[in-house]
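One structure below.
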Amino acid sequence: MKCDVVVVGAGPAGSMAARTAAAAGLNVVMLEKRQEIGDPVRCAEGVGKRVLCEMVKPDSQWIAAEVKGARIYAPDGTRVVMSEDRAGSEVGYVLERKIFDRALAMDAARVGAKVLVKTRALELLRKNGVPCGVSAMHMGEPLQIEAPLIIGADGVESKVGRWAGIDTALKPKDIHCCAQFLVQDSTIDDEYCEFFLGNNLAPGGYVWTFPKGDKLANVGIGVQGSKSGSGVPVRLLKEFMKSHFPNGRVVEIVAGGDPSSGVIESATADGVMLVGDAAHQTDPITGGGILNAMKAGIIAGEVAVKAVSNGNLSKAGLKEYEDRWRAEMGKHIARSFEYKEFFVKLTDNDLNQLIGSLKNEDISKMDLRGMLRMLFKLNPKLLWELRHLVV
Amino acid sequence: MWRCDPLLTVNRYKCCYCGACVGVCPTMSLELVETWLEVSPECKECGICTKICPVGALEVKA
Ligand SMILES: Cc1cc2nc3c(=O)[nH]c(=O)nc-3n(C[C@H](O)[C@H](O)[C@H](O)COP(=O)(O)OP(=O)(O)OC[C@H]3O[C@@H](n4cnc5c(N)ncnc54)[C@H](O)[C@@H]3O)c2cc1C
Ligand code: SF4
Ligand code: SF4
């Protein structure tokens, strides 16, 4: 099989890349190793409404709930509230990703991309050392797909980059180990996302509840890998359930790893671009990665169109992708990474002081950045290390 | 050292096939195929993946 671009992985990053490239007339093949796109889910499904709607038309089929805002809880129980209109980049919609991911893949198919499910990329094909496609296993049979350009959208497990010589293996401190229950409970607040902080609750991370409507919520935990241990996330999540939703019924279990490494050195190699979690484009402090994955997919698709038409698919020829994703989200990711490196060191007392200091401030219209700036103003000593970030 | 089985064991009754372990393995020894986690002979038994697994499905036998 021959094509212009082969996309490995049909998550949000891959589908947006495939759709963008196919819509511009390229011959695109997208591989997905699973037999069902989007399933099982490895996500809490929260996205900012505004940015999402800039990229795709919202569809009630894949919106589980719309939230008003977010509440943050300190280890001592102190609570602050941020409202959606500004906290919007972290919350807004809670998606139904099984349907969402599938819908994005179908959008790509509709504009001409060929989608192959149950098709797993095994390695890169090379001609004179230069990548020229992938060899794959398609429903148990070998399949070679020749293409001058490979887009690695293969998520947290990514191997495309490693095959191309980019070391994307995550260090334990740069991955958040997650477990999540889909919980049914009459006490669930259908209108707010909630975040619970504390070193006993979730070392180096947080517990979240993201409502999905009708007293259902994704209740999950992310623990920094270096502070985690075998089975720790699911054990801590069960403890949280006991104290917060003692009567909650668990109707689904999710596990997952969320990259929190900050900006990777290179997301391109000769004939290869990495997008989404494969390129660690998640926000290290919130763990959110859907929107960045989609943005990067679109940029990669656009660059693919140019690069294929002018025939320069070397790393240098793909520099536009590298430049554009860094301009679009790199700075933000780098800054969030520094926040993460700092916040994982805080004690529960520090966290109590920080969140307590906001109690008498009106942060209801603030986003995460605004809140951090306010925190700095109120706690200059504690946050001294971060002063260069807060300008 | 000669051995017939990899010392890394996967408890397939626990594994939630999430792929977190695949992402941290420094030697690319793990591969997730749907619900089946494959361990290749390149595994160095470093134990990194066992500490990362959210549900405790991996173990390096001493
Ligand atoms: C527990 C958890 C909670 C999260 N919560 C949120 C949240 O609330 N909001 C948010 O924005 N982000 C969240 N994230 C992050 C978000 O899920 C990811 O950033 C997002 O899914 C990345 O999209 P992607 O397309 O890059 O990768 P993925 O969605 O992971 O897709 C990669 C695809 O590639 C396929 N694949 C892998 N290898 C191969 C191969 N060799 N051949 C063929 N196919 C292959 C995989 O099967 C998969 O379908 C969360 C992550 C976790 C783990
Ligand atoms: S990290 Fe654990 S649950 Fe996830 S795939 Fe690996 S062994 Fe399975
Ligand atoms: S023990 Fe180490 S080398 Fe073996 S699979 Fe786990 S991370 Fe990879």
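The values are calculated or read from the model by the stated rules, or taken from the named source; none is laboratory data. Predicted, not measured: the structure shown is a model, and the values here were computed from it. No Cβ is skipped: glycine too gets one built from the backbone with ideal geometry, and neighbour counts run over all protein chains shown. Accessible surface is based on the protein model in full, side chains and every heavy atom, while ligands, DNA and RNA are left aside. Shrake-Rupley method; radii C 1.70, N 1.55, O 1.52, S 1.80 Å.
So for the protein assembly as shown: antiparallel DSSP bridges make up what percent, rounded to the nearest 5? Numbers along the way, then the final one.
Values: 62 of 82 bridges.
Bridges in the protein assembly as shown are about 75 percent antiparallel.
Starting from the Cα gyration tensor of chain A, take the square roots of the eigenvalues, sort them a ≥ b ≥ c, and report rounded, prolate or oblate (rounded when a/c is under 1.5, otherwise prolate if a/b is larger than b/c, else oblate). Walk me through the intermediate numbers first.
Values: a/c = 1.96, a/b = 1.63, b/c = 1.20.
The shape class here is prolate.
Longer than 28 Å from Cα to Cα, which of A:Lys127/A:Lys171; A:Lys173/A:Lys381; A:Lys159/A:Lys345; A:Lys33/A:Lys315; A:Lys57/A:Lys319 are they? Say none if no pair is. Spell out each step's value before the answer.
Numbers: A:Lys127/A:Lys171 32 Å; A:Lys173/A:Lys381 26 Å; A:Lys159/A:Lys345 31 Å; A:Lys33/A:Lys315 26 Å; A:Lys57/A:Lys319 30 Å.
Going by Cα-Cα distance, A:Lys127/A:Lys171; A:Lys159/A:Lys345; A:Lys57/A:Lys319 fall outside the 28 Å limit.
Once you charge only the Cβ atoms, +1 for Lys and Arg and -1 for Asp and Glu, what is the size of the charge dipole of chain A about its Cα centre, to the nearest 20 debye? Don't jump to the answer; show the numbers that get you there.
Working: 49 positive and 48 negative charges, 84 e Å.
Using Cβ point charges on Lys, Arg, Asp and Glu, chain A gives about 400 debye.
What residues does segment B:28-62 have that are buried by at least 30 Å² of accessible area in the full protein assembly compared to the chain on its own, 1.4 angstrom probe?
Listed in order, they are B:Met28, B:Glu31, B:Leu32, B:Glu34, B:Lys51, B:Ile52, B:Pro54, B:Val55.
How much accessible area is lost when chains B and A come together, counting both sides, with a 1.4 Å probe, in Å² rounded to the nearest 100?
Working: alone 4510 and 17040 Å², together 19420 Å².
Adding both sides of the contact gives about 2100 Å².
So what is the 222 nm mean residue ellipticity for the protein assembly as shown from helices alone, if each DSSP H run of at least 4 adds -39500 (n - 2.57) and you divide by all residues, rounding to the nearest 500 deg cm²/dmol? Kindly include the intermediate steps, with their values, before the conclusion.
Values: 13 runs with 126 residues, N = 453.
Rounded to the nearest 500, it is -8000 deg cm²/dmol.
Modelled label-to-label distance, A:Val250 and B:Leu7, 7 Å Cα→beta-carbon offset: nm?
Going from the A:Val250 label point to the B:Leu7 one covers 3.1 nm.
Run the accessible area of chain A with a 1.4 Å probe and give the carbon-and-sulfur part as a rounded percent. Walk me through the numbers on the way to the answer.
Numbers: 8150 of 16000 Å².
C and S atoms contribute 51 percent here.
For segment A:228-250, list whatever residues lose no less than 40 Å² of accessible surface once every protein chain is in place, relative to that chain by itself, with the probe at 1.4 Å.
A:Ser230
Take every Cα-Cα pair in segment A:1-158 and report what % of them are more than 18 Å apart. Walk me through the intermediate numbers first.
Working: 7754 of 12403 pairs.
In whole percent, the long-distance tail amounts to 63.
State the answer as a single residue: which of A:Ala278, A:Tyr192, A:Ile99 lies farthest towards the positive end of the charge dipole of chain A, with beta carbon charges of +1 for Lys and Arg and -1 for Asp and Glu, about the Cα centre.
After comparing all options, I get A:Ala278.
Looking only at segment A:1-117, where both bridge partners belong to it, what percent of the DSSP beta bridges are antiparallel (to the nearest 5)?
About 60 percent, rounded to the nearest 5.
Reachable lysines from B:Lys14, Cα under 19 Å, same-chain residues fewer than 8 places away excluded?
Once the sequence-local lysines are set aside, what remains near B:Lys14 is A:Lys238, B:Lys51, B:Lys61.
Run the numbers for A:Gln61 and A:Met106: contour at 0.36 nm per residue of separation, minus the present Cα-Cα distance, in nm.
Extending this stretch completely gives an extra 14.8 nm.
Could you tell me which helices of chain A pass both thresholds, a Cα extent of 20 Å or more along their own axis and a mean Kyte-Doolittle hydropathy of at least 0.0, with helices taken as whole DSSP H runs?
Numbers: long enough: A:290-310 (30 Å, 1.00).
Both cut-offs are met by A:290-310.
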